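Inspection log for the structure reproduced underneath, given as structure tokens.
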Amino acid sequence: MELARLLQSQGFGSRAECRALVANGRVSVDGRRCADWAEQFEAAGLVLSVDGVCWRHRRAAYLALHKPFGYECSHRPQHHPSVYSLLPLPLIRRGVEAVGRLDADTSGLLLLSDDGAFVHRYTSPRKRVAKVYELRTRHVVDDAQVAALLAGVTLRDEALAVAAVGCQRLDERRLRLSVTLGRYHLVKRMLAAVGNRVESLHRVAIGGFVLPPELRAGEWMWLEAADLERLAAGGSAATADGLQHGGHAAMEGTPGWS
Ligand code: URA
């Protein structure tokens, strides 16, 4: 593929802007400075360097972001900075979108991609992908509340009962809750429906992919083939050993979580 087109596909601007990047000596391929924007390359496995920053060619972008507390999942945020401000410009320009949304006061795992089918797969309730949250409650969680969350609770303004697919008490005011639906304020409304209240909320896993403890709030990573396989492996992560370490480590950085 032509170098200018390759750069364009990776989010470095319009074709004209990408031609100019090459003409101005700002692009190297596999360590060699390129002067000809029309030079042809095999895209697969190619490592581009733009202004000294290396980018491996990716046909599609799959990302995991550790969303910090106090960020909105919107391109036009109203009250807080946007999660998109945490990503480098080429990723925005190639059109990555959040896979669903987290509230501004929720932290944790947020997936992003420019692959529409992927975004659909992980947002569609019909796919029943488990999203695992750890939360702190205002009041002590009793057995009756855990049983009700698992049996199904009726949310205000919803005709259907919504049940958690997993609910584990971590201590008297902390829960790990798995749900497959995506609804506005779902977890907060489920806890309200059993007479409790969420004080802090952190997403630790989606499907079989657990937020890595080394990915700090505000940081993002590429999802590689093994990560995508884990993600597709389903809700088994909710009980996986990795979650028990990773989930807790990640949650300690969130406000109100000590
Ligand atoms: N449920 C909520 O209430 N908020 C979130 O951000 C995600 C799930």
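Structure data summary
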quantity: Peptide ranges 145-151, 50-56 listed from the most packed, as the mean C-beta count within 10 angstrom indicates; calculated: 145-151, 50-56
quantity: Accessible surface, 1.4 Å probe, highest first, among residues His120, His66; calculated: His120, His66
quantity: q = 0.11, 0.13, 0.16 Å⁻¹, the chain: log10 I(q)/I(0) [Debye, one scatterer per Cα]; calculated: -0.64, -0.83, -1.13
quantity: Cα principal axis extents for the stretch 159-233, largest first, Å; calculated: 41, 26, 21
quantity: Where Rh is the Kirkwood radius over Cα pairs, Rg/Rh for the stretch 16-128; calculated: 1.07
quantity: Ranked packing of 20-33, 103-116, most packed first, by mean Cβ within 10 Å; calculated: 103-116, 20-33
quantity: Phi-based couplings in Hz for the stretch 57-63 (Karplus 6.51, -1.76, 1.60; Gly and Pro marked x); calculated: 4, 10, 4, 9, 9, 10, 10
quantity: Cut-off under 5 Å, modelled amide H: who pairs with Tyr62 long-range; calculated: Leu223
quantity: Gained length - Asp115 relative to Ser9, 0.36 nm times residue gap less alpha-carbon distance; calculated: 36.9 nm
quantity: Burial ranking of peptide ranges 161-173, 177-189 (average Cβ count within 10 Å, highest at the top); calculated: 177-189, 161-173
quantity: Hz values of 3J(HN,Hα) by residue in the stretch 126-131 - Karplus curve (6.51, -1.76, 1.60), Gly and Pro given as x; calculated: 5, 6, 6, 7, 6, 10
quantity: Other-chain or far-sequence residues with amide H under 5 Å of Thr106's (modelled H); calculated: Gly70
quantity: Using alpha carbons only: equivalent-ellipsoid semi-axes of the stretch 3-56, gyration tensor based, whole Å; calculated: 14, 12, 11
quantity: Kirkwood Rh in Å, taken over all unlike Cα pairs in the stretch 58-208; calculated: 16.2 Å
quantity: Principal axis box of the stretch 127-206, alpha-carbon based, largest edge first, Å; calculated: 31, 25, 19
quantity: Virtual paramagnetic centre 7 Å along Cα→Cβ of Gln40, amide N under 17 Å, in the stretch 1-28; calculated: 1-7
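The values are calculated or read from the model by the stated rules, or taken from the named source; none is laboratory data. Keep in mind it's a predicted model, so treat the numbers as computed, not measured. We place every Cβ from the backbone using ideal geometry, glycine too, and count neighbours over all the protein chains shown. In case anyone asks, the SASA skips ligands and DNA or RNA and just uses the protein heavy atoms, side chains included. Shrake-Rupley method; radii C 1.70, N 1.55, O 1.52, S 1.80 Å.
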